[in-house]
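Written out below as structure tokens is the structure these notes cover.
No value in this document is a laboratory result; all are computed from the given coordinates. Here the structure is a predicted model, which means the values were calculated and not measured. With ideal geometry, Cβ positions are generated from the backbone for all residues, glycine too; neighbour counts draw on all protein chains shown.
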Amino acid sequence: MHAVRLKGTAKTLRIGKVVCLARNYSDHIKELGNETPEKPVLFIKPSSSVIGHRETVFIPDFSQDCHHEVELAVLIGKWGKNINAKEALAHVAGYGVGIDMTLRDVQNDLKKKGLPWEIAKGFDTACPLSDFIPASEVADPSNLRITLKVNDQLRQDGSTAQMMRQVPEIIQAVSEIFTLEEGDIILTGTPAGVGPVRSGDQMTAEIEGIGQLEIQVQ
Ligand code: MG
């Protein structure tokens, strides 16, 4: 069982599903040469892929190209289906920092064949998450600096203001497909600058006002 801690509270939430958005920052869509989607592109990481602060990503031996994607993570605090964007933020328990680890070579191969991405996105350790801070402590999740360093070299440097769909619209869209339950997490897409990590690297992901996540790579 994997759980997340809500900082400053006694609360620990058991993680359910991790629903991820792809292609939510236009500069990242351009860098991978993808088309801008009319509807959100969604996939799910299993809760078994989650690791925490100061834990280690293990790159599977069937990939030579494992990429980092830093993302704002949204922790769901209460049950909802077909949630209206106007009421969506009432379903958020907290915010955290996530890294959507992606086996880019495997994903490109799956994409070419029209196959699902789970092998590239859902392998063990593919979902590093920080502790979460209560939503009440985040005045505006739509305007936060989001960065990722590899060995102190800045690789990703964006703002959640660049997200094409913001948190309320994302919750509305996701909950039309998947019922959202307490402990579910949504990863909201990554800004430009994704790239490979190798064994021995150290990643530091940070979102202004939310926290930091340090992860080793092996
Ligand atoms: Mg991603």
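From the list E55, E71, E87, which residue is under 25 Å from G209 (Cα atoms), within 13 Å of the ligand (Cβ to nearest atom) and touching a strand residue (DSSP E or B) at 6+ places or on another chain (Cβ under 9 Å)?
So the residue among E55, E71, E87 that is under 25 Å from G209 (Cα atoms), within 13 Å of the ligand (Cβ to nearest atom) and touching a strand residue (DSSP E or B) at 6+ places or on another chain (Cβ under 9 Å) is E71.
Might you let me know whether the stretch 106-119 holds any residue that is within 14 Å of the ligand (Cβ to nearest atom) and either under 14 Å from the mean Cα position of the chain (by Cα) or in contact (Cβ under 8 Å) with a residue 24 or more places away in the chain (or both)?
yes
How do the pairs read when you match residues in the stretch 183-200 that are under 17 Å from D65 (Cβ atoms) with residues anywhere that are of a type in the set (S, T, Y) and more than 9 Å from the ligand (Cβ to nearest atom), using Cβ under 7 Å and keeping only pairs 6 or more apart or on different chains?
Correct list of pairs: T190/Y25.
Please work out which residue is nearest to T147 (Cα to Cα), limiting yourself to the stretch 51-79 and to residues that are assigned to a strand (DSSP E or B) and touching a helix residue (DSSP H, G or I) at 6+ places or on another chain (Cβ under 7 Å).
The extreme case among them is L72.
A quick yes/no check of all residues on (1) touching an Asp or Glu at 6+ places or on another chain (Cβ under 6 Å); (2) closer than 26 Å to R104 by Cβ; (3) away from the ligand (no atom under 16 Å from the Cβ):
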{"position": "V174", "(1), (2), (3)": "no, yes, no"}
{"position": "I177", "(1), (2), (3)": "no, yes, yes"}
{"position": "G183", "(1), (2), (3)": "no, no, yes"}
{"position": "A205", "(1), (2), (3)": "no, yes, no"}
{"position": "I215", "(1), (2), (3)": "no, yes, no"}
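Of all residues in the stretch 145-203 being acidic (D, E) and not in a strand (DSSP E or B), which is surrounded by the fewest Cβ atoms within 10 Å (Cβ to Cβ)?
Top of the filtered list is D152.
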